[in-house]
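Engineer: Structure incoming, see below.
Just so it is clear, none of the values below were taken in a lab; they were calculated from the coordinates. This is a predicted model, so every value here is computed, not measured.
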Amino acid sequence: DLGLVRPASILAYMAEVSTLQSDCLGVGIVELLNNNQAWMLNRWRVKFLKYPKAQERIKVETWCSSIDRFYALREFAVYNESGEKIIKASTQWVLVDTLKKRPKRVPQDMIEIYGSISEKHFEDFYDFRADFDTDMENAEDFHVRKSDIDCNNHVNNVKYLGWIVEPIPLRSEERRVGKE
């Protein structure tokens, strides 16, 4: 709808908050790069209870809910100006050795630094691929641009959402806005 923050923007806020938390804990991007490591988002599940309005002040919280071998689960809660929870999300991240290009066991010191809060929004991750029609007749080609690449030299997951949403037509009343 017009006047609401786009889902991809919310996901970008979440990614930024997770980066800020890691930086504050001393295990941010610089430290990861120095150790040939990177966190890569593997799965996510997001529930929009309400969409924030454009220019509305929101609060984004994040915490680690568990770390097991190669994976970390990170939770998010987004609140509106009234303090009402409007979005909740669970994400699964994999720690990657950037030289070997494969998953790496999360070191014990990193597990201790992040700690964990057992509160989880979701217990599993939904596999949405089954909901998509495999008919490629209406598919569009997308070409990766420099702006799509993140600090790990990969396409940022938020960009995938934009690519998915792009070919979806606007609702008829939105298409008529500004046209005679």
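Engineer: Tell me, what ³J(HN,Hα) does each residue in segment 78-94 have, in order and in whole Hz, if you take phi through Karplus 6.51 cos²θ - 1.76 cosθ + 1.60 with θ = phi - 60° and put x for Gly and Pro?
Structural biologist: With the stated coefficients, segment 78-94 comes to 10, 10, 7, 4, 7, x, 7, 5, 10, 9, 9, 8, 10, 10, 10, 10, 10 Hz.
Engineer: On to the next question. Taking the square root of 5 times each eigenvalue of the Cα gyration tensor, what semi-axes in Å does the equivalent ellipsoid of segment 1-68 have, largest first?
Structural biologist: 27, 13, 11
Engineer: How large is ³J(HN,Hα), in whole Hz, for each residue of segment 20-28 in order, when computed from phi with the Karplus curve 6.51 cos²θ - 1.76 cosθ + 1.60 and θ = phi - 60°, using x for Gly and Pro?
Structural biologist: 4, 5, 4, 4, 4, 7, x, 10, x
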